[in-house]
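S.K.: Please find one structure pasted underneath; my questions will follow.
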Amino acid sequence: MRRVISVIVLNEHGVLSRISGLFAGRGYNIDTLTVAPIPETNLSRLSIVTVGDEKVLEQIVKQLHKLIPTYKVIETGEFVEKEMALVKIPLSENFGGLDAILKAYNGIVANTNENFIVVMVADDTIRVKNFLKAIKKYNPIDIVCGGSVLMDM
Amino acid sequence: MKAISGSQMISEALHKEGVEIVFGYPGGAALNIYDETYKQKYFKHILVRHEQAAVHAADGYARASGKVGVAFVTSGPGFTNAVTGLATAYSDSIPIVLISGQVASSLIGTDAFQEIDAVGISRPCVKHNYLVNSIKELPRILKEAFYIARSGRPGPVHVDIPKDITAAIGDFDYPQEIKMLTYKPTYKGNAKQIKKAAEAISAAKRPLLYLGGGVIASNASELVRKFAKKTGIPAIETLMGLGVLAHDDENLLAMAGMHGSYAANMALSETDLLIALGARFDDRITGKLSEFARYAKIIHVDIDPSSISKIVNAHFPIVGDLNFVLEELIEKVEVNPENIKDWKDILSRYDKLNPLAYSDSDEILKPQWVIEETAKIAGDDTIISTDVGQHQMWAAQFYPFSRPRQLITSGGLGTMGYGLPAAIGSKCADPKKTVINFTGDGSILMNIQELMTAAENGIAVINIILNNNFLGMVRQWQTFFYEKRYSSTDLSMQPDFVKIVEGFGGVGFVCHTKDEFRKALKEAIKLGKVAMLDVRVDRFEDVLPMVPAGAAIYNMILKSKE
């Protein structure tokens, strides 16, 4: 089962390692992990996407609570979840239809140079996946996906 | 506020925390700390002979005294040697502060001499750890370290301090109070849950108290005794809970688990309401989970929320300190003795059917006899530490523990080599008590160098080696489950233990007979020196009952395989 967890922690040395260690110590994989400071506080927010059965996840949530630097763990309720992806395509490709695809996914051209164009989308996880499928026909030479960023409602 | 060095801050902080003794071993990165230790008058420093022993000694001190144990080690190998000690303390929730020296801040990350990522290594085996980045944060970190170690579910805390920070000068502004945004243990249990639990206890026909090390850690043994007396509910103890109720308490059915008594394990299997107090459902207790307490609703009281429903699902989860929870429970619970009379009768029959027993012999010393006889000779005013193996289980089964903090043993991690340094720490905590370490011929060799620490400091601990020329417990498993293929467990080649202890400045005895043992133990107690009794016991004695790993707890092997 896919689960999303938002963890607010003290922004201090080694805290990310403590959290990832909790997952690693149980032989458990994190699908995506993003972390950034919360403006004007000494806290950071981690957005974690993981997969596992209910019982193990419950235990992980409890262990997250148990960590000394943990301020809050949010794992239920409604989340806004967005992911982003950057796609690098050679300029030699035929770009017919690219505008329409970008428009459909709220994508933009992030940058270009004499060899490549880099396009970007930020959207729901499933829509980002669909975008990556759609863009495949332009033979991208590199795709970079960011992890999910979560906000509880 | 005065400006002092980081090393002085450590001494001052230890003084403010009431630390009287520190176990440790110096080294390059800890030189500033040791220079200050030499100069200060607040605490005594005991030089151990291996860093692992420093942490075990601090751990033994903490278990025996209920205070925080403290150890100093240097960086790199000094720290890595200490890790087993941290893991041992973490498994059993023992409050320790370990201060390690680290290479200078400018060298961190350069693979400098004796550099290791100490906080990275200790992270999974401590309650919390710190790498100190600045002299400014050192006082706060030291204060937090002691607070975290002793509050909530206790545990070891590791503080790694670079050498330049122990030399740096800063203002010593030691916080009076702790203000942590994120760490707030829950002490008071939920009143509604406690009320529900009290109702369930009052209504149960086959209730059972399940007492773990958390009762001892929270100093709630007196309240548990009060609760047991008021309700008359039968009780079992885990290895870590031994001594919560006195061995002769009419409600106690002895230890449960893999080597628990028949009555205790049957009680676990047939209870309708398991009242778990400060116990964590270790696999050595539960056996096959699906069969564990299969007819029971479970009340689980624990200060650590993550312990509750971790292994078995609790029907009445109560997060809180036992002292608060038990006060309320005792007030609310009313057990009609008639309600549980049949249950107590059944358990009494189980106890008579297969009591904890052994076949004694006058031809060859039985390890169980040695343990029982030790209690008779040494009296009640003893602290017993153990290493890990058969002797540990026999001590748990046959030593008549009468109070909490009387048994000092590595339960969770099962650390061979723990017994001697832990005995040293225990003796430092309570010098007037006789301290006896039951050990094995395998275990004792893992930290035997600590005889030197004991001899040098006049710490009169008595080591009783139940010597069966085997790694006994592993041999027992090989007997039962590996068709007697004794792979690497035969320890027929033996050192001369008497010469060893004499070489370290202590006294030694070899005992083949009951008379030799009695005489040697009395002599060792009288001499008041570090002592070693090499007691030659039956090579093939097994610890029974035994539950095979993964089997249901009621499927006990009751007889030896011959």
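S.K.: Taking the stated definitions as given, is B:A395 part of a loop (DSSP other than H, G, I, E, B) and among the aliphatic types (A, V, I, L, M)? Talk me through it step by step, then tell me what you get.
M.R.: Numbers: part of a loop (DSSP other than H, G, I, E, B): no; among the aliphatic types (A, V, I, L, M): yes.
No, not satisfied.
S.K.: So, one more: Under the condition of being open to solvent by less than 100 Å² (accessible area, probe 1.4 Å) and without any contact (Cβ under 8 Å) to a residue 24 or more places away in the chain, which residue from the range B:178-198 is nearest to the other protein chains (Cβ to nearest Cβ)?
M.R.: Taking the range B:178-198 first, the residues open to solvent by less than 100 Å² (accessible area, probe 1.4 Å) are B:178, B:180-183, B:185-187, B:189-191, B:193-194, B:197-198.
From what's left, without any contact (Cβ under 8 Å) to a residue 24 or more places away in the chain: B:181-182.
Numbers: B:L181: 6, B:T182: 5 Å.
Here the residue is B:T182.
S.K.: If I ask for residues that are surrounded by 21 or more Cβ atoms within 10 Å (Cβ to Cβ) and away from chain A (no Cβ under 14 Å), which ones from the range B:98-137 would you list?
M.R.: Hits for the range B:98-137 are B:L98, B:I99, B:S100, B:G101, B:V103, B:I135.
S.K.: Next question, about the same structure. I'm checking my understanding of the structure. Among residues of the range B:138-164 that are open to solvent by 40 Å² or more (accessible area, probe 1.4 Å) and of a type outside the set (S, T, Y), which one is nearest to the other protein chains (Cβ to nearest Cβ)? Please lay out each step first, then the result.
M.R.: Initially, the range B:138-164 is screened for residues open to solvent by 40 Å² or more (accessible area, probe 1.4 Å), giving B:140, B:147, B:150, B:153, B:163-164.
Now drop any that are not of a type outside the set (S, T, Y), which leaves B:140, B:150, B:153, B:163-164.
Working: B:R140: 12, B:R150: 14, B:R153: 9, B:K163: 18, B:D164: 17 Å.
Of everything passing the filter in the range B:138-164, B:R153 is nearest to the other protein chains (Cβ to nearest Cβ).
S.K.: Of the numbered conditions (1) of a type in the set (K, R); (2) over 19 Å from the mean Cα position of the chain (by Cα); (3) more than 10 Å from chain B (Cβ to nearest Cβ), A:K72 satisfies every one except a single condition; which is it?
M.R.: Status for A:K72: all satisfied but (3).
S.K.: May I pose another question? What pairs come up if the first residue lies in the range A:4-15 and is under 26 Å from A:E78 (Cα atoms), the second is polar (S, T, N, Q), and their beta carbons are under 6 Å apart, counting only those six or more places apart or on different chains?
M.R.: As it stands, the answer is A:S6/A:S47; A:V9/A:S44; A:V9/A:T70; A:L10/B:T182; A:N11/A:N42; A:N11/A:S44, since those pairs meet every condition given.
S.K.: Another question about this same structure. Examine the range B:508-526 for a residue that is in a helix (DSSP H, G or I), under 21 Å from B:Q52 (Cβ atoms) and in contact with a strand residue (DSSP E or B) (Cβ under 9 Å, 6 or more places away or on another chain), and state whether such a residue exists. Write out each step before concluding.
M.R.: Filtering the range B:508-526 for residues in a helix (DSSP H, G or I) gives B:514-526.
After this cut, where a residue has to be under 21 Å from B:Q52 (Cβ atoms) as well, the list is none.
Within the range B:508-526, none of the residues are in a helix (DSSP H, G or I), under 21 Å from B:Q52 (Cβ atoms) and in contact with a strand residue (DSSP E or B) (Cβ under 9 Å, 6 or more places away or on another chain).
S.K.: Just name the residue that is surrounded by the most Cβ atoms within 10 Å (Cβ to Cβ) out of those in the range B:1-47 that are under 20 Å from B:T80 (Cα atoms) and without any contact (Cβ under 8 Å) to a residue 60 or more places away in the chain.
M.R.: Taking the candidates together, the pick is B:G24.
S.K.: Say whether the condition of being within 14 Å of another protein chain (Cβ to nearest Cβ) and either more than 23 Å from the chain's Cα centre (by Cα) or of a type in the set (F, W, Y) (or both) is met by at least one residue in the range B:323-339. Don't jump to the end; show me each part of the working.
M.R.: Our first condition is that a residue be within 14 Å of another protein chain (Cβ to nearest Cβ); within the range B:323-339, this holds for none.
No, the range B:323-339 contains no residue that is within 14 Å of another protein chain (Cβ to nearest Cβ) and either more than 23 Å from the chain's Cα centre (by Cα) or of a type in the set (F, W, Y) (or both).
S.K.: Quick check on my filter: what residues within the range A:106-139 are within 23 Å of A:F79 (Cα to Cα), without any contact (Cβ under 8 Å) to a residue 40 or more places away in the chain and open to solvent by 40 Å² or more (accessible area, probe 1.4 Å)?
M.R.: A:N106, A:M120, A:I126, A:R127, A:K129, A:N130 - these are the residues of the range A:106-139 that are within 23 Å of A:F79 (Cα to Cα), without any contact (Cβ under 8 Å) to a residue 40 or more places away in the chain and open to solvent by 40 Å² or more (accessible area, probe 1.4 Å).
S.K.: For the list (1) surrounded by fewer than 22 Cβ atoms within 10 Å (Cβ to Cβ); (2) under 18 Å from B:A264 (Cα atoms); (3) under 16 Å from the mean Cα position of the chain (by Cα), I need the number of the one condition that B:M393 fails.
M.R.: Checking B:M393 against (1) surrounded by fewer than 22 Cβ atoms within 10 Å (Cβ to Cβ); (2) under 18 Å from B:A264 (Cα atoms); (3) under 16 Å from the mean Cα position of the chain (by Cα), the one that fails is (1).
S.K.: A follow-up question, please. For A:G96, are the conditions met, namely being at pLDDT below 95 and either open to solvent by 40 Å² or more (accessible area, probe 1.4 Å) or of a type in the set (D, E) (or both)? Don't jump to the end; show me each part of the working.
M.R.: Values: at pLDDT below 95: yes; either open to solvent by 40 Å² or more (accessible area, probe 1.4 Å) or of a type in the set (D, E) (or both): yes.
So A:G96 fits the description; yes.
S.K.: Next up: Which of (1) away from chain A (no Cβ under 14 Å); (2) small (G, A, S); (3) in contact with an Asp or Glu (Cβ under 8 Å, 6 or more places away or on another chain) does B:G170 not meet, given it meets every other one?
M.R.: (3) is the only condition that B:G170 fails.
S.K.: Now for a different question. Which of the residues belonging to the range B:39-96 are touching a His at 6+ places or on another chain (Cβ under 9 Å), among the hydroxyl-bearing types (S, T, Y) and assigned to a helix (DSSP H, G or I)?
M.R.: The answer is B:T84, B:T88.
S.K.: I need the full set of residues from the range B:358-378 which are within 25 Å of the chain's Cα centre (by Cα) and among the hydrophobic types (A, V, I, L, M, F, W, C), in order please. Break it down into steps so the answer makes sense when it comes.
M.R.: Just the residues of the range B:358-378 that are within 25 Å of the chain's Cα centre (by Cα), to begin with: B:367-378.
Passing the criteria: B:W369, B:V370, B:I371, B:A375, B:I377, B:A378.
S.K.: Please determine, by comparing only the residues of the range B:327-352 that are in contact with a Phe, Trp or Tyr (Cβ under 7 Å, 6 or more places away or on another chain) and hydrophobic (A, V, I, L, M, F, W, C), which one is nearest to B:D515 (Cα to Cα). Before you say what the answer is, go through the steps one by one.
M.R.: Step one: filter the range B:327-352 for residues in contact with a Phe, Trp or Tyr (Cβ under 7 Å, 6 or more places away or on another chain), giving B:329-330, B:350.
This time we only want the ones that are hydrophobic (A, V, I, L, M, F, W, C), so: B:329-330.
Working: B:L329: 50, B:I330: 48 Å.
Here the answer is B:I330.
S.K.: Out of the residues in the range A:1-45 meeting the condition of being over 23 Å from B:Y183 (Cα atoms) and among the basic types (K, R), tell me which one is least open to solvent (accessible area, probe 1.4 Å).
M.R.: Once the filter is applied, the top-ranked residue is A:R3.
S.K.: I'd like to check something: does the range B:66-87 contain any residue that is open to solvent by less than 10 Å² (accessible area, probe 1.4 Å) and of a type in the set (D, E, K, R)? Talk me through it step by step, then tell me what you get.
M.R.: Let us first name the residues in the range B:66-87 that are open to solvent by less than 10 Å² (accessible area, probe 1.4 Å), namely B:69-76, B:78-79, B:82, B:85-86.
Next cut, of a type in the set (D, E, K, R) only: none.
No.
S.K.: Among the strands (runs of 3 or more DSSP E) lying completely within the range A:28-102, list those that include at least 2 residues that are among the charged types (D, E, K, R).
M.R.: A:79-90
S.K.: Do we have B:F497 as aromatic (F, W, Y) and out of contact with any Gly (no Cβ under 7 Å at 6 or more places or on another chain) here?
M.R.: On the way: aromatic (F, W, Y): yes; out of contact with any Gly (no Cβ under 7 Å at 6 or more places or on another chain): no.
When the stated conditions are applied, B:F497 does not pass them.
S.K.: Limited to the range B:472-489, what total is found for residues that are open to solvent by 60 Å² or more (accessible area, probe 1.4 Å) and of a type in the set (S, T, Y)?
M.R.: Residues of the range B:472-489 open to solvent by 60 Å² or more (accessible area, probe 1.4 Å): B:474, B:477, B:481-488.
Filter once more, keeping what is of a type in the set (S, T, Y): B:482, B:486-488.
So the count comes out to 4.
S.K.: Consider the range B:537-552. How many of its residues are modelled with pLDDT under 95 and either of a type in the set (S, T, Y) or over 23 Å from the mean Cα position of the chain (by Cα) (or both)? Walk me through how you get there before you give the answer.
M.R.: Initially, the range B:537-552 is screened for residues modelled with pLDDT under 95, giving B:548-550.
Add one more test, that the residue is either of a type in the set (S, T, Y) or over 23 Å from the mean Cα position of the chain (by Cα) (or both), and what stays is B:548, B:550.
Residues flagged as modelled with pLDDT under 95 and either of a type in the set (S, T, Y) or over 23 Å from the mean Cα position of the chain (by Cα) (or both) within the range B:537-552 amount to 2.
S.K.: So, one more: Restricting attention to the range B:347-372, which residues are part of a helix (DSSP H, G or I), of a type in the set (A, V, I, L, M) and open to solvent by less than 20 Å² (accessible area, probe 1.4 Å)?
M.R.: B:L347, B:V370, B:I371 - these are the residues of the range B:347-372 that are part of a helix (DSSP H, G or I), of a type in the set (A, V, I, L, M) and open to solvent by less than 20 Å² (accessible area, probe 1.4 Å).
S.K.: Here's a follow-up. Hey, B:S269 hits all of (1) more than 14 Å from chain A (Cβ to nearest Cβ); (2) open to solvent by 10 Å² or more (accessible area, probe 1.4 Å) but one; which does it fall short on?
M.R.: (2)
S.K.: Hey, another quick one. Give the residues of the range A:46-60 that are within 13 Å of chain B (Cβ to nearest Cβ), hydrophobic (A, V, I, L, M, F, W, C) and open to solvent by 10 Å² or more (accessible area, probe 1.4 Å), sorted by residue number.
M.R.: Of everything in the range A:46-60, just one residue is within 13 Å of chain B (Cβ to nearest Cβ), hydrophobic (A, V, I, L, M, F, W, C) and open to solvent by 10 Å² or more (accessible area, probe 1.4 Å), namely A:V56.
S.K.: Which of the residues that make up the range B:373-389 are open to solvent by 10 Å² or more (accessible area, probe 1.4 Å) and either in contact with a Ser or Thr (Cβ under 8 Å, 6 or more places away or on another chain) or touching a residue at least 12 places away in the same chain (Cβ under 8 Å) (or both)? Quick ask: steps written out before the conclusion?
M.R.: Residues of the range B:373-389 open to solvent by 10 Å² or more (accessible area, probe 1.4 Å): B:373, B:375-381, B:388-389.
The answer is B:E373, B:A375, B:I377, B:A378, B:G379, B:D380, B:D381, B:V388, B:G389.
S.K.: Might you let me know whether the range A:30-41 holds any residue that is at pLDDT 95 or above and within 12 Å of chain B (Cβ to nearest Cβ)?
M.R.: Yes, the range A:30-41 contains a residue that is at pLDDT 95 or above and within 12 Å of chain B (Cβ to nearest Cβ).
The values are calculated or read from the model by the stated rules, or taken from the named source; none is laboratory data. For clarity, every value in this text was computed on a predicted model and none was experimentally measured. Here the Cβ is made from the backbone with ideal geometry for all residues, glycine too, and neighbour counts use every protein chain on show. Calculation scope for accessible area: heavy atoms of the full protein, side chains included, ligands and nucleic acids excluded. Shrake-Rupley method; radii C 1.70, N 1.55, O 1.52, S 1.80 Å.
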